[in-house]
Structure formats: structure tokens, C-alpha cells
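Structure, as C-alpha cells:
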Amino acid sequence: MIFSRKRAAGRHARDERAAEMPETAEGAEASPAAPARGPYDVTEAPEGVQRLDLGSLQIPAVPDVEVRVQADPQGVIQQVVLVHGRSALQVGVFAAPRSEGIWDEVREEIRQSLFNDGAAAEEVAGEYGTELHARVRGEDGPTDLRFVGVDGPRWMVRAVYQGEAATTPAAAGPLARCLDGLVVDRGMEAKPVREPLPLRLPREADQLGDQADANAPSTPGGR
């Protein structure tokens, strides 16, 4: 995994994928097992996995995947993008109610927003449930996007594939492994529904970035 930074001024879906709970000899249901894959809640995450800790999100270390973040001067992350080859995956995590998931509503709002901007979008069945596929106009021409949502306990992960992984899910490869291995640390504090959960730079990355800034050559007219 490569980490880089840029300075700037409910178990809803996974319940459907999990195997049925075994019954005990007395016919009572056993305790539910941890999901076979993530995104995981921090209470269910497998141990012994190297991850980049960004606060509310922990990203598994996958070879040849670059983690690019845009953060403000206080180290608060505004955007997280994972890059592998000709594909990219933007990830974010949001607060959700305890009782139900919000991906269905969010997906419809994204679809309507794309429609208002003149972009057609279609719903497609994917590994995590219903996805949204769209082609939008960009500075370099049409860009394909694939929106994926995963509802967890009081959180929702939204992932957006770009490049080859947007049109050919099988090409997602290492990026898909990153999504499968994400860990969400929601915290216990109350938050408004859909509010982005806080992300921060790892302490060691922040120190390295500050050192690089201090060692950078000054430019004429600079501070």
C-alpha cells in the first residue's frame, strides 16, 4: 500500500450475504458469526490485518494500492481515493439510524442528481445489492461511475468506482479487496443521519507531511 496526502485550503446488506445461523442441538439459534467479508463494524473486524487507520475508516493494506487523501491544515480528511492501475475507488462513511439502512434513499437521490445534470443512470444488481451505474461528462470526456452502498449498524459506506472497475466489476481486483476489508469505527456519540463520520490523517503520516513541508525549498515570494 502506498499512502499519499494532498493539502487543501446496521448489518442490513451484509445480513443477506451471510450464511444462515446454525442451530444448536436443542433447536435454539447459535450466536451470529462475524460476516465473511466487510465492510466490517469495528466490533466484528478480523484480527491480525494491517490497516491504515483514518479514524472512522480503517483501510486494509493491499499491495499496489495507493491511498490518496485530501486534508485541511488541521489534518481533517475531506476525501479518500484508492488507486490501482487505471481504476480508482472513492470511499466515504456516514452516520445512519439504528433501525434501518439509508442506501436505498441515498441511491435514489444520487440518481435524481445525475438526471438533473443530464446524466443517465441505471440500477444494477451487484455483490452488495443494488448499485448505480452512470456515465457523466468530465473535463477529459465521458467518465463511467459505479456507485456501491453498504449499510451497517448505524453507518453506511458509500463507494464510487471509476475507470475500468466502473464498467467491468471483475477488473476491480485489489480495490474490491480494499472495500471487502474496510473497517468502520462508528463511535458511540449521537450524530445526525447522513453526517460524514470524521476522518483524520494517521499521526505518523501527518508528521512525515509536516517534515516534508519544512524541508521543501522556498520559492520567490513565498512565505
**OP:** May I ask you to rank 94, 115 by accessible area, largest first, using a 1.4 Å probe over the protein chains only?
**Re:** 115, 94
**OP:** Label the stretch 70-149 by shape, choosing from rounded, prolate and oblate, from the square roots a ≥ b ≥ c of the eigenvalues of the Cα gyration tensor; if a/c is under 1.5 it is rounded, and otherwise prolate applies when a/b is larger than b/c, oblate when it is not.
**Re:** oblate
Original post:
Which cross-chain or sequence-distant (5 or more) residues have an amide H under 5 Å from the amide H of residue 129, H modelled 1.01 Å from N in plane?
Top reply: none
Subject >> Area accessible to solvent at residue 102, 1.4 Å probe radius, in Å² >> reply: 10
Original post:
How do 168, 143 stack up against each other in accessible area, from largest to smallest, with a 1.4 angstrom probe?
Top reply: 168, 143
**OP:** Provide, for q = 0.13, 0.15, 0.18, 0.20 Å⁻¹, the log10 of I(q)/I(0) from a solvent-free Debye sum over equal Cα point scatterers in the stretch 116-175.
**Re:** -0.37, -0.48, -0.67, -0.80
**OP:** Rounding to the nearest 20 debye, state how big the charge dipole of the stretch 141-197 is about its Cα centre with +1 on each Lys and Arg Cβ and -1 on each Asp and Glu Cβ.
**Re:** 120
Subject >> Shape of the stretch 55-211, Cα gyration tensor, a/c cut at 1.5 >> reply: oblate
**OP:** Taking amide H positions as placed in the peptide plane 1.01 Å from N, state which residues far from residue 197 in sequence (5 or more) or on other chains have amide H under 5 Å from it.
**Re:** 93, 94, 95
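The values are calculated or read from the model by the stated rules, or taken from the named source; none is laboratory data. Nothing here was measured: the structure is a model prediction, and the numbers come from that model. Reconstructed Cβ throughout: ideal geometry from the backbone, glycine too, with neighbour counts over all protein chains shown. The protein model used for the area step is the full one, side chains on, heavy atoms only, and it has no ligands, DNA or RNA in it. Shrake-Rupley method; radii C 1.70, N 1.55, O 1.52, S 1.80 Å.
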